Amino acid sequence: MEAITAIKGFKDILPGETERWQYIERIAREIFTDFGFRELKVPILEKTDLFVRGIGDGTDIVEKEMYAFTDRGNERLSLRPEATAGVIRAYIEHALHTVEPLSKLFTIGPMFRRERPQKGRFRQFHQINVEVLGLDDPSIDAELILMLIHFLKSVDLTAIDLEINSLGCPVCRPAFREKITAYLYGREHDLCPDCVRRLRINPLRIFDCKVEGCKKALHDSPTLMESICPECTVHFNSVRDYLDIFDVPFKVNPRMVRGLDYYTRTAFEVTTTALGAQNAVAGGGRYNGLVKELGGPDSPGIGFAVGLERLAALIPITEAELTPGPALYIAPLGEVAKAWSFALCNYFRMLGIRADMGYGDKSLKSQMKRADKLKARTALILGENEINEGTAELRDMVSGTQEKISLDNFDHLAETIMNKVKEG
RNA sequence: GUGGGCGUAGCUCAACUGGUUAGAGUGUCGGGUUGUGGCCCCGAAGGUUGAGGGUUCAAGUCCCUUCGCUCACCCCA
């Protein structure tokens, strides 16, 4: 019988790796909570229209990367390719804007995009998503970026670059778009085939192209930065000033454009050089028109996403991954001892002591080997001789010393073991 | 969707220009005299060399097809 394998681009995260994920998520929850954010969970399946309206039907994500299908009830559904649309849907649906005009939210979970997998890119991947809804003040943009950087530093991610840009607003961006389109139409022959295509679909993305000819063609083109309206400029400068208060090092990158249509004003990206071609660890920006576009009030919003696979691949081995072994490993010999072992082991566990035991009828030698492999701090040897006289041998696995102890006081035994754990 | 690289034990890799029963390390299990881990020693299990076809006296090795993985383009977290 042929074994069934996982789907292309879908990965198992095994024990040994999950510890790192737990660590990252724990730090994220702690820090985001400190900054006043609250966690919400939204479905991974939504109506396809939510993403079409939210992300934009001209984007690659919606056009060719979504896992979209019609369910048995003839509804058009999609696995979420990103989290923001779902969060905003929930925000509108539960009228959070009336309950809590300023909502600071985060969510953690899987996203799905049907792309060709490569280093740092999977079809199911995980993101931590943070959103602030109901505030356009530049200080919140800076707060969000500050929190992101603080979080990344807290999980020991170094060697990162922060780039920020302003994408303008519905007033100034379309004007710039026309301007740049007009500028490039005379220079089409200098552009790579991809950019010729981009020129019609999303000319701003040409700024992101790495091809020399395209860079050259843009050399003295108008830039978005000098074309955005005075309000956007003031907003952007204010974000920068706020970031300077905490000496957050950033680079203004006027060429940075985001892949999703909904972004306005502040856009930012945290990149690294250690991830192959997928250099973005986190990215986000402001999306002032999105809530309204999705049928809600005209609330501004800003958010970012952190790629968990990418982050997990980048951070150094942490203390948290080296989970300590059980405080106690019980090695029973014989049927009577097995019953004692079952009782003792589970009693200790319910007391909150990490305990494990030998199952089956293994030799003492193999049980001790397992105790060693699990990095048990102590081992309790329950032999028939000892059981008969109401005792057991408690072995210190670090020092190798062993003592006979009485079995008539479990709590005293528990105390002895925990003292050993404390001394390390 | 387009291109490059690679598929040999669970994992990491050997096997010269095609040439006996495809090896090693690591991991797993067992043993090294009564019931004691780590280090060391011994042993066992574990492979239709991704699959299918072809060339040849002979294919892990050469050719074709196919599947899978991987990296890059594209796009993005």
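Tabulated data for the structure shown
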quantity: Solvent-accessible surface (1.4 angstrom probe) belonging to residue A:44, in square angstrom, nearest 10; calculated: 70
quantity: Global geometry of segment A:1-104, whether rounded, prolate or oblate, following the gyration tensor of its Cα atoms and the 1.5 cut on a/c; calculated: oblate
quantity: Gain on full stretching of the segment that runs from residue A:68 to residue A:14 - 0.36 nm per residue minus C-alpha separation; calculated: 16.6 nm
quantity: Gain on full stretching of the segment that runs from residue A:399 to residue A:351 - 0.36 nm per residue minus C-alpha separation; calculated: 14.8 nm
quantity: Theoretical FRET efficiency, 1/(1+(r/R0)^6), r = Cβ-Cβ of residue A:188 and residue A:153, R0 60 Å, to 0.05; calculated: 0.85
quantity: Whole-Å distance, taken between Cα centres, linking segment A:172-227 and segment A:342-398; calculated: 70
quantity: Ellipticity estimate at 222 nm from DSSP helix runs (n ≥ 4, -39,500 (n - 2.57)) divided over chain A, nearest 500; calculated: -11000 deg cm²/dmol
quantity: Simple Cβ-charge dipole of segment A:198-257, Lys/Arg +1 and Asp/Glu -1, about Cα centre, in debye nearest 20; calculated: 500
quantity: Cut-off 13 Å between beta-carbons: net charge of the residues surrounding residue A:147, Lys and Arg +1, Asp and Glu -1; calculated: -2
quantity: Relative contact order [Cα under 8 Å, 6+ residues apart], segment A:212-339, whole percent; calculated: 14
quantity: Per-pair calculated FRET efficiency, R0 = 45 Å: residue A:39 and residue A:408 via Cβ, rounded to 0.05; calculated: 0.45
quantity: Residue A:198 - accessible surface, heavy atoms, 1.4 Å probe, Å² rounded to 10; calculated: 60
quantity: Inter-label distance, nm, simple model (7 Å from Cα along the C-beta direction), residue A:388/residue A:76; calculated: 8.0
quantity: Distance in nm between pseudo-label sites at residue A:211 and residue A:241 (7 Å out along the Cβ direction from Cα); calculated: 4.2
quantity: Placed amide H near residue A:264: partners under 5 Å, 5+ positions off or other chain; calculated: A:286, A:287, A:288
quantity: Accessible surface, segment A:47-152, averaged per residue in Å² (probe 1.4 Å); calculated: 42
quantity: Of A:8/A:373; A:64/A:251; A:47/A:292; A:373/A:420, those spanning more than 24 Å from alpha-carbon to alpha-carbon; calculated: A:8/A:373; A:64/A:251
quantity: Convex hull volume of segment A:189-323 per residue (C-alpha atoms, cubic angstrom); calculated: 177
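The values are calculated or read from the model by the stated rules, or taken from the named source; none is laboratory data. No experiment lies behind these values; they were computed from the predicted model shown. For neighbour counting, all protein chains shown are included, and Cβ atoms are generated from backbone atoms with ideal geometry for every residue, glycine included. When the accessible area is computed, the model is the full protein with side chains, heavy atoms only, and any ligands, DNA or RNA have been set aside. Shrake-Rupley method; radii C 1.70, N 1.55, O 1.52, S 1.80 Å.
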